[in-house]
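Here's the structure, in structure tokens; my notes come after.
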Amino acid sequence: MTDIKNQNNLGEATKLLRNTYNRTNAKENSEALFLTSSFVFDSAQEGRDLFSGAIEGNFYSRFTNPNIDSFVHKLMVLEGADAGLGFASGMAAITACCLAFLEAGDQVVLSRDIFGTSTNMLQKYFCKFGVKVSVIDGLDLASWQNAITPKTKFFYLESPSNPLGKIFDLEAIAKIAHKSNVKVIVDNALVTAALQKPLKFKADLSLYSATKFVDGQGRVIGGAVVGDTELCKELGLVLRNTGASLSPFNAWVLSKSLETLNLRMQAHSKNALEIAEFLETHPKIAKVHYAYLPSSPYYALAKKQQKSGGGIISFEVQTANNKALTKEETLDFINQTASLLSLTGNFGDTKTAITHPTTTTHFRLEDKEKKQAGIFDNLVRISVGLEDVVDIKSILNKALEKA
Ligand SMILES: *Cc1c(COP(=O)(O)O)cnc(C)c1O
């Protein structure tokens, strides 16, 4: 955990690049990689003081390592956070929050439109230890309010949602929570701090699967939480006691990634908006879900909370006679794009990825739940990458001609 409060008044990009890492005696310009499980003490007394917490420093990479520190420090700069921690994965970060803040009898309120594994994890493991999990429609502010009990510990949500790009009112939800002394955790993996800073809208913690746009190049698994200092202290103890630690190598990769996050997210957004606009006017597209389209019901809120729309679009494909494609027809449509696009369930890569949510990321849902959630058989998600946008458009156009 690093404190950046005392740093001087540089701009965000300068701080990110210049104020987040201490050069070693080797005088490297790019960050060194610290593949070491432990660190040595200058004296036995220093060892004693490190273990007792009297002084801060690195002694064992389960809890601190210069590469993790540098990665987290950069994320703190981008989020405007006072504290933060790295985790082995996004799921490790979410699990740590639950371990840190929940006990038997407590309740947690989840937005229905969060990453499915987050809901599954809480229901499968924390329910058996007596935690109550309430899943609500996060768009309806009254249902957040109504879900609160004296035992509610935190609200958990994602904005924008995946794959439908629903936008949730972060400030209004935080206001409801804080009136009842409930904390707010926002999963910010989809647009990242480059486009949205949840802490500015009064979230207590901003959480990451760094595996997605933070890495941005599809290489490593990682996670992080940044925000309130006291809450991060509790999370630090969970990390130390459970060992869901980020590997120094992955932290090194992710730390370098953050140096270009702003530029990459702008480029993803620019390409995605162009694709969304193209799809919106295409006769074989029944509907496009992208909050930065002025036609989106979420446009105004997206403009308030985000700098741009981000890289994820979903859309519903139909025939020339306005008939929704069947499941098999939609799979065939996706196959037609495979000469250029990556058929993969992941998102947030420089390479454009195309996915069929109903048979992959959302396959566990019952048919009724899928319909309710708006995940139809003809829905396709793309994570727009950084190829020449004209080429992405052209392959989608060709596939649509055959649909
Ligand atoms: C992928 C993802 C996660 C899980 O992250 P991992 O790094 O795969 O553990 C959590 N939340 C969201 C929004 C995600 O997309």
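Tabulated results
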item	result
Unmet criterion (only one of (1) part of a helix (DSSP H, G or I); (2) farther than 16 Å from L16 by Cβ) for S257	(2)
Selected residue [touching a strand residue (DSSP E or B) at 6+ places or on another chain (Cβ under 6 Å) and open to solvent by 50 Å² or more (accessible area, probe 1.4 Å)] from A320, A324	A324
Number of positions in the range 72-92 that are within 14 Å of the ligand (Cβ to nearest atom) and either aromatic (F, W, Y) or in a loop (DSSP other than H, G, I, E, B) (or both)	3
Count of the range 134-149 residues which are open to solvent by less than 10 Å² (accessible area, probe 1.4 Å) and within 16 Å of the ligand (Cβ to nearest atom)	1
Number of the exception - K128 against (1) among the basic types (K, R); (2) open to solvent by less than 10 Å² (accessible area, probe 1.4 Å); (3) out of contact with any helix residue (DSSP H, G or I) (no Cβ under 9 Å at 6 or more places or on another chain)	(2)
Output for the range 252-277, where each listed residue is in contact (Cβ under 8 Å) with a residue 40 or more places away in the chain and among the aliphatic types (A, V, I, L, M)	L254, L258, L261, M265, A267, A272, I275
Filter result (over 24 Å from L17 (Cα atoms), among the acidic types (D, E) and surrounded by 13 or more Cβ atoms within 10 Å (Cβ to Cβ)) within the range 39-92	E46, D49
Looking only at the range 41-70, and only at residues there that are aromatic (F, W, Y) and in a loop (DSSP other than H, G, I, E, B), the one that is nearest to V214 (Cα to Cα)	F63
Filtered residue count, the range 294-304, keeping only those that are open to solvent by 10 Å² or more (accessible area, probe 1.4 Å) and in a helix (DSSP H, G or I)	5
Identity of the residue in the range 93-125, open to solvent by 30 Å² or more (accessible area, probe 1.4 Å) and of a type in the set (A, V, I, L, M), that ends up farthest from the ligand (Cβ to nearest atom)	A104
Selection count, the range 220-236, where residues are closer than 16 Å to I185 by Cβ, within 9 Å of the ligand (Cβ to nearest atom) and open to solvent by 20 Å² or more (accessible area, probe 1.4 Å)	0
Top-ranked residue of the range 340-374 - restricted to ones that are assigned to a loop (DSSP other than H, G, I, E, B) and surrounded by 20 or more Cβ atoms within 10 Å (Cβ to Cβ), ranked as modelled with the lowest pLDDT	T361
Pair list, Cβ < 8 Å and 6+ apart or interchain, from the range 214-225 residues that are in contact (Cβ under 8 Å) with a residue 12 or more places away in the chain to residues that are more than 9 Å from the ligand (Cβ to nearest atom) and charged (D, E, K, R)	G216/R264; G216/D349; Q217/D349; G218/D349; G218/K351; G222/D215
Which listed residue is hydroxyl-bearing (S, T, Y), closer than 18 Å to I395 by Cβ and not in a loop (DSSP other than H, G, I, E, B), from S269, S314	S314
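The values are calculated or read from the model by the stated rules, or taken from the named source; none is laboratory data. This is a predicted model, so every value here is computed, not measured. Using ideal geometry, Cβ is built from the backbone for each residue, glycine included, and neighbour counts are taken over all protein chains shown. Side chains included, ligands, DNA and RNA excluded: accessible areas come from the protein's heavy atoms. Shrake-Rupley method; radii C 1.70, N 1.55, O 1.52, S 1.80 Å.
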